[in-house]
Amino acid sequence: MKKRILTLALAVLLLLSVIPSAAAAETADAAAEPMAVVPVRVAIPAQEYYSKAFEVLTIVNRERAANGLQPLTMDASLLETAMLRAAEIYVYFDHTRPDGTLCFTANDRMYGENIAAGQTTPASVMQAWMNSEGHRDNILGSYTTVGIGCVLVDGRYYWTQCFGRDLSAAASAASYADGPRTREVLALYDVRFEDVDYTSWYGDAVEWAVGSGVTNGTSMNPLLFSPGAYCSRAQMVTFLWRAVGYPEPTMTASPFTDVQDGSQYYYKAVLWAVEEGITNGTSATTFSPGDTVTRAQVVTFLWRAADQPAPSTTVSPFTDIASGQYYYDAVLSAAENGITTGTSATTFSPGAPCTRAQIVTFLWRVATGG
């Protein structure tokens, strides 16, 4: 039976798992069937709790002291890995990562891992681990360092312990603060959205968008794409940024007062779009990330990203597109290149909101000529 990406709402009976060593994991994994092979970038908006991670460390070292063992040191590198792994097990509850690789690929300093889901406090997750022989063996093992992760996603806590033997740098609780963070995880999916007609005009575009990491839908259980939902400006520039390969922006600060949090999923996309001249925002100081993106804005973003190719005609086929409008050449170029034919034979509807199905179709046609 193929391994599948586990979603939060699935009934997971086994909430605890332990992996004692890399060698044992490799032996077990060799017999497993391969995962589905459609790569998808999954955005995981989580609340990260470093304070709870250090509370777990206190309990770990109390248990070790009671057994005559030296305390573990919180390793800075393993701490960040543990937070990442805590987010990853929301997507796929396993010691295999969502991309199909072993957990040890997350950090070459890691030699053992405990994972858990559902416990709400450091004390309760430690009690569960200590009541499990394999987990207890890791906690009381010959390791000298540890990284501990705790994230809250969709109202459920996910916990990890990543054990090591050599210290990169000691992590101090005073140096970390709890807070929201959106991580993007590469996952392998066997995706068929329940609300997508794959024989429709946008079916091929949805498959391309998922396979290219442009979007992974709007819901994991049920698995939905929401083709008719309207897109925001933030979503549009993020789709475009992902479609061109997630380029790293060179800007170090946002010019917009409403795009300031580096953990926002669209932060880098907006900075990249600004420095590439794709958008200047809705004013000198605002981007309006939550505003619904219009058809005129979408084709203009795509046209600017393509270095503003000049249309071969200056005569608009649409009665609602007039010369002098900022999107005039972009609409003409989109029409003659088959990106869109408008909303009718004579109208483009520049101010109409753009749906998710329309946007991924536009992107697909630009990327593939489809």
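The values are calculated or read from the model by the stated rules, or taken from the named source; none is laboratory data. This one's a predicted model, so the numbers in the text were calculated from it and none came from an experiment. Using ideal geometry, Cβ is built from the backbone for each residue, glycine included, and neighbour counts are taken over all protein chains shown. In case anyone asks, the SASA skips ligands and DNA or RNA and just uses the protein heavy atoms, side chains included. Shrake-Rupley method; radii C 1.70, N 1.55, O 1.52, S 1.80 Å.
Filtering region 207-263 to residues that are in contact with a Cys (Cβ under 9 Å, 6 or more places away or on another chain) and either of a type in the set (D, E) or open to solvent by less than 20 Å² (accessible area, probe 1.4 Å) (or both) leaves C231, M236, F239.
Taken together, the criteria place Q308 among residues that are surrounded by fewer than 15 Cβ atoms within 10 Å (Cβ to Cβ) and under 26 Å from G245 (Cα atoms). Taking the conditions (1) in contact with a Phe, Trp or Tyr (Cβ under 7 Å, 6 or more places away or on another chain); (2) surrounded by fewer than 19 Cβ atoms within 10 Å (Cβ to Cβ) in turn, V151 satisfies each one other than (2).
Close Cβ contacts (under 6 Å, 6 or more residues apart or on different chains) running from residues in region 217-239 that are over 13 Å from F301 (Cβ atoms) to residues that are buried (at least 18 other Cβ atoms within 10 Å of the Cβ) and charged (D, E, K, R) comprise S226/R356; P227/R356; A229/R356. When the residues of region 45-95 are narrowed to those that are closer than 15 Å to G179 by Cβ and among the charged types (D, E, K, R), which ends up surrounded by the fewest Cβ atoms within 10 Å (Cβ to Cβ)? The selected residue is E80. The C-beta contact set for region 345-370 (first residue closer than 18 Å to G245 by Cβ and open to solvent by less than 20 Å² (accessible area, probe 1.4 Å), second residue assigned to a helix (DSSP H, G or I) and among the basic types (K, R), distance under 9 angstrom, 6+ apart or interchain) is empty.
Looking at F239, F193, F256, just one residue is under 26 Å from D307 (Cβ atoms), among the aromatic types (F, W, Y) and within 21 Å of the chain's Cα centre (by Cα), and that residue is F239.
For beta carbons closer than 8 Å, sequence separation of 6+ or different chains, a first residue in region 174-185 that is farther than 14 Å from Y246 by Cβ and among the polar types (S, T, N, Q) and a second that is at pLDDT 90 or above and not in a strand (DSSP E or B), there are no qualifying pairs.
Pairs meeting the criteria (first residue in region 69-87 and touching a residue at least 12 places away in the same chain (Cβ under 8 Å), second residue open to solvent by 40 Å² or more (accessible area, probe 1.4 Å) and assigned to a helix (DSSP H, G or I), beta carbons under 6 Å, at least 6 apart or on different chains) are lacking.
Among the hydroxyl-bearing types (S, T, Y), more than 15 Å from the chain's Cα centre (by Cα) and buried (at least 24 other Cβ atoms within 10 Å of the Cβ): is that true of T199 in this structure?
No: the conditions fail for T199.
Residue pairs whose Cβ atoms lie under 8 Å apart, separated by 6 or more positions or on different chains, with the first residue in region 196-216 and closer than 15 Å to T355 by Cα and the second surrounded by fewer than 19 Cβ atoms within 10 Å (Cβ to Cβ) and of a type in the set (F, W, Y), are V206/Y198. Among the residues of region 156-169, is there at least one that is under 26 Å from the mean Cα position of the chain (by Cα), surrounded by fewer than 20 Cβ atoms within 10 Å (Cβ to Cβ) and either not basic (K, R) or not in a loop (DSSP other than H, G, I, E, B) (or both)? Checked against the condition, which is being under 26 Å from the mean Cα position of the chain (by Cα), surrounded by fewer than 20 Cβ atoms within 10 Å (Cβ to Cβ) and either not basic (K, R) or not in a loop (DSSP other than H, G, I, E, B) (or both), region 156-169 yields at least one hit. Elements of the type helices (runs of 4 or more DSSP H) sitting completely within region 41-136 and holding at least 2 residues that are among the β-branched types (V, I, T): these cover 50-66, 76-91. Of the residues that make up region 303-311, is at least one within 23 Å of V42 (Cα to Cα) and not basic (K, R)? No, region 303-311 contains no residue that is within 23 Å of V42 (Cα to Cα) and not basic (K, R). Summed over region 235-269, residues that are in a helix (DSSP H, G or I) and either among the polar types (S, T, N, Q) or farther than 17 Å from R181 by Cβ (or both) total 9.
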